Each structure stands twice: as C-alpha cells, then as structure tokens.
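See structure below.
Read-outs: derived from the displayed coordinates by stated rules, not from any lab. Because the structure is predicted, anything quoted here is derived from the model rather than measured. Every residue, glycine among them, receives a Cβ derived from its backbone with ideal geometry; neighbour counts consider all protein chains shown.
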Amino acid sequence: MTQPPARTPWQQVRAQLYQRPLALSALLVLVAIILVALLGPLFSSYNFATPSWNEIYQAPSLRHWLGTDALGRDQLVRILWGCRISLLVGVAASLVSVIIGVLWGATAGYAGGTADSMMMRFVDILYTVPFIPLVIVMTVLFGRNFLLVFVAIGAVSWLDIARIVRGQTLSLKQREFIEAARALGVRTPTMIIRHLVPNLIGVVIIYATLTVPTVILFEAFLSFLGLGVHAPLASLGSLVSDGADHLQSQPYLLTAPAVLLALIIACFSYLGDGLRDALDPRAHH
Amino acid sequence: MLRFLIRRLLIAIPTMLLIATLAFGLLHGTPGGPFDSAKRIPPAIQHSIEAKYHLNDPLWQQYARYLSDLARGDLGPSYQYRDTSVNELIRQGLPVDALIGSLAMLFAILLGGFFGILAAVRRGGAWDHIPMFFAALGIAVPVFVIGPLLILVFAIELHWLPAGDWEPGSVRFMILPVISLGFPYAAYIARMARSEMIEVLGSPFIRTARAKGLPERTILLRHALRPVLTPLVSFLGPAFAGVLTGSIIIESVFGLPGIGRYFVTGALNRDYTLVVGITVLYGALIIGFNLLADLCYAWLDPRVRLHS
C-alpha cells in the first residue's frame, strides 16, 4: 500500500471505487433504487393499504404498471413500500450489529490478555448457536414488535465484525499515536471511542455493506414464514410470499418483488466485495 | 488429535447449556402460555393441565427439571401434539430433513465443484462466464424464490414433477426440494472452487508437473484437485448449518413433513418443549458438523495442526 497517509478513509473509498466499475455501478443502481423507493410513492395516487374491491387481480396495465393484488391494491406502490421497509430493516439492523461488533472487538483487542481471550471465546461459543431458530422464537414472542425484530437480527449478526475489528485493533494498538494518547493519560473508554474507532471506519464500512444484504434476506425469510411485518404493511419478503401463493394464476405478483429483492442483494454484495478488495489489506492473502 | 477432540467436546457442553438456557428463558420469560388459547377452557381444567406439565412450579424448578431431562436425552412431552413426545416428533421428522439436506449438499458439491473447476480451467471463455453468471444469480436469489419458481416451471407449466407433498422413498417428490435447497450452495461452492483452482493452477508445483509433460487430465485430477478441495471442506460445516435452517423454508414451500414445520407451528403455539428441543437439536448438529469439517480439513491438509 503506497497510499499517502494524509487521505481520509472516505477519500480512499472514493478513489478505489472509481477503479472498480462493477462496484461503482452496483452503488449507482442502489442509489437509484433507494431514491425511487423513497420518492416514488409520493407521486402515486394509490395507497399501499387501501383495498379497491373492483380492481382485484388486474394484470399489469397502464393504470397499474405492475398489476394489482388480492385486495385490488396497486402492486407497484406496495413494492416501493416493501423496498422501503426492507432497506430500513437492513440498515437499522446492520447499524445495531456494527455498534455492538465494533465496541466488542475494539474493547477486546485494546484490553488484551485474559479479558481479550474471554471475550473472543464468548464469540466462538456464539458462533455455534443456531440463531435463525432463536430469532424465529423472538419474533413470535415479542408480538412482532418491529423495532425488536431489528434489534434481534442486529444482535445476532455482529460476530464477524467483532472478530475483524479486534484484529485491526491489535495492530493499531502498536502505533505511536495510541502510545502518545496513553502518555497523555487518556482513559480507556475515551481511547476506544475517540482514537481507535475512527481509525477502523474503512473496515467497518466494508463489513456493514456486507451485513446489509444478509439482514435483508433474513427479514425476507422471516416475512416469508409469516413472522415479519404486519399485514397492511409489506416488505419484499412478504410480497414474495404473497406472490408465491398466487403462482399459478398471477405469476407477475411474484416476479417483480423477487427480481427487485435479488437485485438489491446482488448490488450490496458486489459493492461490499469491491470495497473489500480495495480497502481490506488482508483480503489479498 | 485426541486432546483436540476432548477440548472441543468440553467447549460444546457450555455452548449447549447456553443454547438451552437462551431458548428456555426466551419462551418462559415472556407472558402467555401454551394452554391459554382462544378455545375457552374452564380455569380449573386449564390449571390442572398446567399442573400436569409442571407449568405452575417456580421457573427455576422447571428449568432444573428440563436440564436434568435433557442430560438424559429426554426432550419432554409436546404440549401441542398431545400424548406425543418431542423425541418422537423429531424421530418422525428428522429423517426427511436429513435425506433432503444431504442430497442437497451432494448436489451442491458435485454441481458447484464441477462448474467451478471448469470455469477456472476455461478462464475467460464461455464456460467461465455462463456458470459464473448463474452462480451470481444463485447467491442473490433466496431459497424461497427459487422454490416457487421451480414449481411454476416444472410442476405447473410442464407437469413433469409434483408441486409439493411427500411420499416416503419416492424420488419424484425429492427433486425440486433438493435443487432449490442446494442451488445457493452450489453457487457458493462454484465461486470458491473457481478462485481456489485459479490460484492452484498458477502455483509452482503445477508448473513443474506441466514441465514434466504430464497430461492435463492427470495434472488436474491428481495434483490440483486436493488443494482445491481442502478449503471447500471448511465451508461445509457452516453450509450444513445453513441447509438445516434453509430446510425450514423448503418444508413450508413444498409441504414436507420435516421438523422445521413443527418448529414454526410450535413457536406460534408456545409449545415450549418442542421449540427448545428442536433448537437444542439444531445446536448439537451445528457443533457436530463444524467439528467434523475441522477433522476432515486436518486430514486433507497435514500442515494444519489441530489445537485450541
């Protein structure tokens, strides 16, 4: 790496992205999807929740670009709403997992010794816990409180981030600025939050980008089992699930949300892979 | 080797305890119980049913009783399926999951391994790009989309295969579930096998083999295959865990009589013992497969030392 040290992580990310057309176009597609999902429903005269009994199961047409569902609701508006919900779940849960993972990993790496090995042994144990069943149980028990679903999913997907952050912290710990801060009498919590975490941002961005699609898939999985969002609201997973029920008569109800879901997942993984190749020094082992 | 095994088994005990405690605590710690349903039963009867299953005892007593039963391998009675024990339900359902799961893994390894290696050997050509396109698709398209799409094409349009259901021993009912469950893993394996093979083909010992004038097939099968397979083995542990949970979806898409269905309905009906029992079983299987994968890895690659 011959990067001039003065560049911030954000500048590095931008510079590397321009050299990777696949990752860059994935980013552009994602931005486009997010913009359409956020702004699209504002320009539509249809509501995602109001049934329209004389327009049930209409095939795609000029009035309803993607057709209507079992209650006569416009499928396009429902998909845009589903997209909002899925992205919201993905980003919120990833945020939870990043916060837990970074704090856990940085603390373990900075503390070192017994505390480190105990904290990482705990992570090892959690790796073998079957989380999907536990999250299913949680979503059933918490009465499908949407916020708790985020927290539950986030709380189980921080393990990778914790491991990677710990590794990075171990090498950062040897650097002069940490020693200087310690000599100035900076206390441990301040050290971790003010001095270590900002230097971990590159790695954290990569793994947050890779966490978002797994979380979106996970939410879709729960919604498919009927354990996700509540009825009038939709997520891409619940739309796929509804579509699968009408597979034979109305295949268009399945294809549109399925394609969009796959596109979002694919874009996030291409973007994450591209960023990892660009920024993670250990990716080129 | 033996020390490694013993250490891993010793770590497995607190892990299993943690899993059982988490599941038990989650279910019992939240309000509501298995027998306060919409079908109004007289309070006296509800009380006596709950007393029969010791649900009115202090929580720590129920927990202690559950753990001591668990230690003897008894997962307790199911509340939802009266007069049936969780062990019996698992005994009925698990063979279906095991069959579908192992066929799906086999399918994934054969398909993914073959096309991954082919893509590496024909790097840059059509045999590289087409399989890798499908691999990218397989990773991005979730199991619960692949399943219904396969049903649409092969059952509804072409009438070749049944859309769901299960007849013990009948291959026709297995094909679509196995393909939908295995395809994402085939995609992962293909990508891994391709990048491993490219790396191995560029290494000095392959150049030596070429310089000796060995035929290409011997180089691939005798020399390159083993270092390509080794890293794949370490992926198989987590993959088995994924197949296990993926089968929950597959069962609901195809209506298969496995344990995933019991799990979801059990969670909805507060069937405490059934849910905790299946969670513990999943945990044990995941630990077992990870251990197995590590052992295979060490056996294939003698440079790996088994420690901690």
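Here are the numbers for this structure:
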| item | result |
| --- | --- |
| Residue that is nearest to the chain's Cα centre (by Cα), among those in region A:174-193 that are assigned to a helix (DSSP H, G or I) and without any contact (Cβ under 8 Å) to a residue 12 or more places away in the chain | A:Ile193 |
| Within region B:109-161, tally of residues that are β-branched (Val, Ile, Thr) and away from chain A (no Cβ under 12 Å) | 4 |
| Matching residues, region A:145-193, being among the hydroxyl-bearing types (Ser, Thr, Tyr), crowded, with 19+ Cβ neighbours inside 10 Å and more than 30 Å from A:Gly228 (Cα to Cα) | A:Thr169 |
| Top-ranked residue of region B:160-198 - restricted to ones that are β-branched (Val, Ile, Thr) and within 21 Å of the chain's Cα centre (by Cα), ranked as surrounded by the fewest Cβ atoms within 10 Å (Cβ to Cβ) | B:Val171 |
| Candidates B:Leu225, B:Leu232 - the one that is crowded, with 18+ Cβ neighbours inside 10 Å and outside any loop (DSSP other than H, G, I, E, B) | B:Leu232 |
| Residue list for region B:50-68, restricted to those being buried (at least 16 other Cβ atoms within 10 Å of the Cβ) and assigned to a helix (DSSP H, G or I) | B:Glu50, B:Gln62, B:Tyr63, B:Tyr66 |
| Lone qualifier among A:Ala108, A:Ala115 - being more than 28 Å from A:Leu38 (Cβ to Cβ), assigned to a helix (DSSP H, G or I), more than 14 Å from every other protein chain (Cβ to nearest Cβ) and without any contact (Cβ under 8 Å) to a residue 40 or more places away in the chain | A:Ala115 |
| Every residue from region A:48-76 that is outside any helix (DSSP H, G or I), within 31 Å of the chain's Cα centre (by Cα) and polar (S, T, N, Q) | A:Thr50, A:Thr68 |
| Contacts under 7 angstrom Cβ, first residue in region A:200-222 being away from every other protein chain (no Cβ under 14 Å), partner of a type in the set (Gly, Ala, Ser), 6 or more apart | A:Leu200/A:Ala106; A:Ile206/A:Gly272; A:Ala208/A:Ser94; A:Thr209/A:Gly272; A:Thr211/A:Ser94; A:Thr211/A:Ser97; A:Thr211/A:Ser157 |
| Residues of region A:223-243 classified as in contact (Cβ under 8 Å) with a residue 60 or more places away in the chain and either within 10 Å of chain B (Cβ to nearest Cβ) or surrounded by 24 or more Cβ atoms within 10 Å (Cβ to Cβ) (or both), total | 9 |
| So A:Leu170, is it out of contact with any Asp or Glu (no Cβ under 6 Å at 6 or more places or on another chain) and within 13 Å of chain B (Cβ to nearest Cβ) | no |
| Every residue from region B:64-78 that is without any contact (Cβ under 8 Å) to a residue 40 or more places away in the chain and of a type outside the set (A, V, I, L, M) | B:Arg65, B:Ser68, B:Asp69, B:Arg72, B:Gly73, B:Asp74 |
| Scope region B:254-278; condition farther than 24 Å from B:Met16 by Cβ, away from every other protein chain (no Cβ under 11 Å) and part of a helix (DSSP H, G or I); matching residues | B:Phe254 |
| Condition met for A:Leu260 (more than 24 Å from A:Ile99 (Cβ to Cβ), more than 8 Å from chain B (Cβ to nearest Cβ), in a helix (DSSP H, G or I) and not basic (Lys, Arg)) | yes |
